[in-house]
Amino acid sequence: MCGSVLGLRAQLGHCDRYLRKTPHKQFQEFQPQSLLYFKKRDFKYGKEQVQSMSHPQLEERSANGSKQGKNMDKILRGVVKYRQTVKKDLVAQFEEVRNNPKPTAVMFTCMDSRMLPTRFTQSKVGDMFVVRNAGNMIPEAPNYGFSSEVSVTTEPAALELAVKRGGINHIVVCGHSDCKAINTLYGLHQCPKNFDVSSPMDQWVRNNGYQSIKKLNERLHKGAAKMTFNCEMSPNQSFEAIIDPMDRLPVEDKLSQVNVLQQLVNIASHSFLSEHFEKKKLFVHGMWFDIYKGEVYIFSREKKRFIVIDDNSIDDLLKELSQYAPAEPNPPKDE
């Protein structure tokens, strides 16, 4: 486990189309140079209607089509640039970890295109598992007494793959500011009538964000006071937290930070991880990325709040990490 703790420490350090209908009798009045004509059979009334599209509309349509094409064009050209620049270095890294990859953590983060976790942790090939979804949520396990149902969703499966089968000792949940999934969750909380039963997104954030909303209400009601996050399945993972003690964040970002911490509780609800927690072989961490400032925060259990990771805080954070997740001595080498 020593290597994994050191690896996590290293990562901390780097830290429409538009149409216009025209009467048929006006057809001859239009000049082909200025309009595109096409006929559309109106089956309801049994007559032809001539529709036209002016040059500005055609240009807009062409521009939209061109833009859509360029979106994929950018991806393909990016692959060519990759081949010309970083491919050689990446292949060398792939070869290095081919038979002996040593990832130090599994990170659950948001699918937001602005989130680049391997960039702001300066991770290389093989350093870290990354699981992404809307709102960096890990569904809570349905618990009954001291056991829980087997969850058949991606997130618990990733936990098992990383921890039980991959030997990972550190789980990181990383949220961020201006999270569209969290904004959706808060919007539904404020106006429940906007909930769309047929929307997978609405269903996802409501089902998995309910506890986070409850915690947010507690934070808004009590102010910047300590809140307790209880882990019933693994009591030793319970902790206290103060969200936005200086009250500087908008309410949606407060919810985003609450949501990160709630996922730590949700992770501990899965019974297949209980033994790892009891033996202190598994550790969970909450991180938060301020997109518009580029600052990365980590939740300090000691200080009970999110702390920015920088030159001034890194020593204290590493010291706390060594106490929360002490490194085991390296096993003796075979003679």
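Each value in this text was obtained by applying a stated rule to the coordinates, not by laboratory testing. Here the structure is a predicted model, which is why all the values come from computation and not from measurement. Methodologically, a virtual Cβ is constructed for each residue, glycine included, from the backbone with ideal geometry; neighbour enumeration extends over all protein chains shown.
Computed quantities for the displayed model
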read-out	value
Inter-probe distance in nm under a simple model that places probes 7 Å from Cα toward Cβ, at Glu218 and Val86	4.1
Protection proxy ranking of 74-80, 273-279 - average other beta-carbon atoms within 10 Å, highest first	273-279, 74-80
Distance between modelled label sites at Val150 and Arg248, nm, 7 Å Cα→Cβ extension	4.8
Cα coordinate range in the stretch 80-215, projected on the principal axes (Å, largest first)	53, 41, 25
Ranked packing of 207-220, 292-305, most packed first, by mean Cβ within 10 Å	207-220, 292-305
Rounded if a/c under 1.5, otherwise prolate or oblate - the stretch 217-335, Cα gyration tensor axes	oblate
Per-peptide average of other Cβ atoms within 10 Å, ordering 152-158, 88-94, 177-183 highest first	177-183, 152-158, 88-94
Debye, to nearest 20: dipole size of the stretch 134-283, +1 on Lys, Arg Cβ, -1 on Asp, Glu Cβ	220
20 Å Cα-Cα threshold exceeded, pairs from Lys222/Lys319; Lys214/Lys254; Lys87/Lys293; Lys214/Lys279; Lys124/Lys293	Lys222/Lys319; Lys87/Lys293; Lys214/Lys279; Lys124/Lys293
Residues listed by number, the stretch 164-187, amide nitrogen under 20 Å from Asn71 label point at 7 Å toward C-beta	180-181
